[in-house]
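One structure is given below, encoded as structure tokens.
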Amino acid sequence: MSVENGVWVMHGVDWKHPECIHTVEELENYINEVGFLPLFGNDVTGFSVEEWTDPKYWWTGNESRDPWEWREIIARRGKVAYGKFFDKKAGFISLEWLPYFANFRRSGYDFDARWEDGLANRREKTIMDVYVSENEDDDTVYSTERILSTELKKQCGFGKEGSKNFPGIITGLQMQTYS
């Protein structure tokens, strides 16, 4: 997506193009094939969902053809990770590649060590504590339970009278592959 002569322009392929991605299943398969894929165009030409889909179907609300809708479907399915992983912009990472991203992005730190070394802030810790508990052996256990961001925001005390910049903190955690 770019601005050309003051107008937003989507770049993609025609629906009839043989390499056009037509379904959410095709997109999941492609992500798993290439390992990771940004949602929108970037510095690497041809490496985004935008560039492999038909621009006329974006933001139509048609779940069978709209890549904007597909991102939510894919996130719910849990077969591919979705988040702001690429320069604070949205994209997908296959579950096979996710551990490699985590290893690189976290520089070898799990979140507790990051916190103990003063590399994480209080707002990040508050969010991560929602997902963490300890078992009877005092081992850290991470929850796989899904929680809506609106509920997470409320549980962590963000909002008008509380902590600020919830979206920015979540994006930072996603960039480090913690959330």
Counted charge near Ser94, where neighbours are those whose Cβ lies closer than 10 Å (Asp, Glu -1; Lys, Arg +1): -2
For region 67-139, Kirkwood radius (reciprocal of mean inverse C-alpha pair distance, Å): 14.4 Å
Using alpha carbon coordinates only, what is the Rg to Rh ratio of region 4-43, with Rh defined as the Kirkwood radius? 1.04
What number in nm² do you get for region 1-136 if you take the convex hull of its Cα atoms and divide its surface by four? 11.2 nm²
First compute the accessible area of region 24-179 with a 1.4 Å probe, then give the percent of it belonging to carbon and sulfur atoms. 49 percent
Among beta bridges that DSSP assigns inside the chain, antiparallel share in %, nearest 5: 95 percent
Please go through region 8-42 and write out the GluC sites (Glu not before Pro) that DSSP classes as loop and that have at most 11 other C-beta atoms within 10 Å. Glu19
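The values are calculated or read from the model by the stated rules, or taken from the named source; none is laboratory data. A quick note: this is a predicted structure, and the numbers were derived from the prediction, not measured. Neighbour counts are summed over all protein chains in view; Cβ atoms, including those assigned to glycine, are modelled from backbone coordinates with ideal geometry. All accessible areas refer to the heavy atoms of the entire protein, side chains included, with ligands and DNA or RNA removed. Shrake-Rupley method; radii C 1.70, N 1.55, O 1.52, S 1.80 Å.
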